[in-house]
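Down below is the structure, laid out as structure tokens.
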Amino acid sequence: MEITVIVPLLDEEGSLEELHRQLSEALADRHYEILFIDDGSRDKSSEILQKIIENDPMAGVITFHKNRGKSAALAAGFKRSRGDIIVTIDADLQDDPKEIPNLIRKIEEGCDLVSGWKMDRKDPFTKTIPSKLFNWITAKMSGIPLHDFNCGLKAYRREVIENIQVYGQLHRFLPVLANMEGFSIGEVKVKHHPRKFGKTKFGATRFLYGFLDFLTILYTTRYTKRPLHLFGLLGIMSLFAGTLINIYLSIGWFMGTPIGNRPLFFLGILLTILGVQFFSIGLLGEMITRATASEGEKGNFTPPRA
């Protein structure tokens, strides 16, 4: 199988038949399969998908009995895909299937993961402004110069999906996870269309979850192997602030100013204790990391020929 297209969806009955037609046209000259991941839809999406797979032997469906989230849907699709190149696209018709050959071409040129860039995004400002801020922060912190981390239209080499784990809400950070494993990341400008059917499935809570997931990625990509660098830095900052406060109060005490009833006194003690605790956590993390470290990294091995 050359290409697998994975389509996660939730209550998208209005767009499925049109999306299937457009995907079939865009991939007509390729050996492909289309996997629809029904993430617990409560409308007629399931019935429409059954009709699609009855008439198209290249289409398949994975059905969840309840909503598990986009990351779980993508993970299920990755697991059951057979293609050498895996393409993901949302089911709302906002991403254009005609852009898929451009992403595949970029993969064939040497990239391991290619992300779409909705340069002219057709969404309300309540989505575009937070998205721009999210993408800017993620690019700066991860060091990956992408403009649109959360674009649903992406293409992957098979090796990429076999070496990254998708869980929780980490679908937003798949380029970061791939880059952490040493894969090359590319970007292609893609067309974006206004939503024709249904409504968005992501509410205001996505900003909170996105921030928490970002902290998860930041820690796992930078500090898993060196926890003392993170907790030691926090410990130094806390100890430094606590020491300055205590020195200031000590000078006042020697000059006759009582400090026992001053809130600043308790803050200084608290910061000092927190600094010691942060250092202790970092050292324990280093001990655990050292005890569980593998003797060598996994990799491809070509034995000597002689």
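Annotation: peptides 29-37, 4-12, ranked by per-residue average of other Cβ atoms within 10 Å with the highest first, follow the order 4-12, 29-37.
Under Stokes-Einstein, with the Kirkwood radius over Cα pairs as Rh, the value for the stretch 65-203 at 37 °C and 0.692 mPa s is 213 µm²/s. A compact globular protein would have a Cα radius of gyration near 2.2 N^0.38 Å; the ratio found for the stretch 227-291 is 1.39.
Based on Cα contacts under 8 Å between residues 6+ apart, the chain shows a relative contact order of 17 percent. Bridges between two residues of the stretch 1-157, per DSSP, are antiparallel at a rate of about 30%.
Enumerate the whole-percent occupancy of each 10 Å bin, from 0 to the last occupied one, for all C-alpha pair distances of the chain. Percent of Cα pairs in each bin: 6, 22, 27, 18, 12, 9, 5, 2, 0. Spin-label model, residue 273 to residue 147: label points 7 Å out along the Cα-to-beta-carbon direction sit 5.2 nm apart.
Please give the calculated 222 nm ellipticity per residue for the chain, where each DSSP H segment of at least 4 residues contributes -39500 (n - 2.57) and the sum is spread over every residue; nearest 500 deg cm²/dmol? Intermediate values should be presented prior to the final figure.
Numbers: 10 runs with 147 residues, N = 306.
Per the formula, -15500 deg cm²/dmol.
Taking every Cα-Cα distance in the stretch 1-109 and sorting them into 5 Å bins starting at zero, the pair-distance distribution P(r) comes out as 2, 13, 26, 26, 21, 9, 3, 1, 0 percent. Partners of residue 140 within straight-line reach, counting aspartates and glutamates whose Cα lies under 18 Å from its Cα and excluding those fewer than 8 residues away in the same chain: 148, 187, 213. Each of 141, 119 was scored by other Cβ atoms within 10 Å of its Cβ. Arranged with the fewest first, they read 119, 141. Pairs with C-alpha atoms separated by more than 32 Å, drawn from the list 98/225; 79/196; 154/199, are 98/225.
None of the figures in this text is laboratory data; all of them are computed from the coordinates on show. Given the structure is predicted, the values throughout are model-derived calculations rather than measurements. Cβ sites come from the backbone with ideal geometry, for glycine too, and all protein chains shown count toward neighbours.
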